[in-house]
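The values are calculated or read from the model by the stated rules, or taken from the named source; none is laboratory data. Everything numeric here is computed off the predicted structure, so don't read it as measured data. Note that we place each Cβ from the backbone using ideal geometry, even for glycine, and neighbour counts take in every protein chain shown.
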Amino acid sequence: MIEDDLRAAFVRHEPMTPSTGPLRVAIDRLAAVRRRRRQRFQAAGVTLALLGALGVGVPHLRPDRQVEGPSLSGQPAGAQSGALNVLLVGVDGFGDQPSYRLADSVLLVHIPADRSRPYLISLPRDLEVSIPGRGVEKLNSAFYTGAGEPRPDLDAGYDLTRQVVADLTGVRVDAGAVLTFAGLRRITEAVDGVEVCLPKEVRSWHTRRTFPAGCQLLDGDASVDLLRQRRYLPDGASDRDRNAQRYIAGLVRRAVAQDVLTNPVRLTALLSAAGKGLAVDDDGLPLTRLVAVLPELKTVEPVGISLPVGPPVDISSRLPLDPKRGPEFLAALREDRVAQWVAQHPEQVNPVR
């Protein structure tokens, strides 16, 4: 009897129950978008990282994105006409059980409007910056804050780092990528090694491996080992940033020499190499459009630049911008005058070969 009464009550109230159809459709749509986004990140990641290093021009990659906050010059951010900026972030410690969430290498690739050549601008991990939610901190803390816990999120870490870099420089970041050392190892193996040219011998603090001065072909393990080194280097993390520039330059030359970016078979193989070790901010731009602009570059040989910084401010080792040269360089970056600035400040140029 009670069972019959309950059944009758459900029948009477069923017409008043809101339909779950729209909610289910919305949930399914969100899930599909998320899947597509992840698939796009994995499929396009290596290509964007390489093209970013190459300085491949992708006009208006993010035409609707404005830099959060005003530029340092007081002019609208992203006012450059035709110049592009690609943010590459290298992160240590990500794997099956990630334990680190700090960005050891932050590289801004500037592509001038005349497509003359790419400029690899190293932003020190200890650079003093303002991080939303944390105040004044080191630049590498931006990725840590954004990535969160318990399992770090590459996308979220990149998003906050991009915002901080955009606020610092006053330029729009058009695209970017996050590469873990595990992903870097697989990319290096996919191109059969990368030639890195070192001005001085480097000894590994982690493996005791020795990298002699001069040009040498490094496999995946050796590349990762080199890019982790700072303890035995005269300028510590600054020398590690310079070695990251040399690795990117060597990777670019290797990809061009093997015709990777224009050969469908080789390109497909490379696209799957990084796996989950890379996340990319490409806004769904078709790969064909990226490859099609390769001929725009006058040369793929990049110029390495160190952001002008001053001495550490206190025991925290935060590095402030150089009070004179720092603002001058950022003004040149915003106004697409990096080539002229480099000619006037050759001491800030890092040989990549």
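Filter region 311-338 down to the residues that are part of a helix (DSSP H, G or I) and out of contact with any helix residue (DSSP H, G or I) (no Cβ under 9 Å at 6 or more places or on another chain), then identify the one that is surrounded by the fewest Cβ atoms within 10 Å (Cβ to Cβ).
Going through the qualifying residues, I end up with Pro327.
Could you list, in sequence order, all residues of region 149-166 that are touching a helix residue (DSSP H, G or I) at 6+ places or on another chain (Cβ under 6 Å) and more than 20 Å from Val86 (Cβ to Cβ)?
The answer is Asp153, and nothing else.
Looking only at region 84-118, how many residues end up being more than 14 Å from the chain's Cα centre (by Cα), modelled with pLDDT of 85 or more and either surrounded by fewer than 23 Cβ atoms within 10 Å (Cβ to Cβ) or under 17 Å from Gln229 (Cβ atoms) (or both)?
Adding up the residues that qualify gives 6.
Here is a check on your reading of the model: is Ala156 free of Cβ contacts under 8 Å to residues at least 12 places away in the same chain and either among the hydrophobic types (A, V, I, L, M, F, W, C) or closer than 21 Å to Asn350 by Cβ (or both)?
yes
Please go through region 115-136 and give me each residue that is charged (D, E, K, R) and touching a residue at least 60 places away in the same chain (Cβ under 8 Å), ordered by number.
Arg115, Arg117, Arg125, Asp126, Glu128
Does Gly326 satisfy being farther than 18 Å from Asp239 by Cα, within 22 Å of the chain's Cα centre (by Cα) and of a type outside the set (A, V, I, L, M)?
Judged against the criteria, Gly326 is a match.
Does Ala269 qualify as being at pLDDT 65 or above, of a type in the set (Gly, Ala, Ser) and assigned to a loop (DSSP other than H, G, I, E, B)?
no
Which residues, counting only those in region 295-330, are of a type in the set (A, V, I, L, M, F, W, C) and closer than 14 Å to Thr169 by Cβ?
Passing the criteria: Ile305, Leu307, Val309, Leu321, Phe329, Leu330.
Taking helices (runs of 4 or more DSSP H) that fall entirely within region 134-237, which contain at least 2 residues that are at pLDDT below 90, within 21 Å of the chain's Cα centre (by Cα) and surrounded by 16 or more Cβ atoms within 10 Å (Cβ to Cβ)?
Once the helices (runs of 4 or more DSSP H) in region 134-237 are filtered for at least 2 residues that are at pLDDT below 90, within 21 Å of the chain's Cα centre (by Cα) and surrounded by 16 or more Cβ atoms within 10 Å (Cβ to Cβ), what remains is 140-147, 154-169, 181-190.
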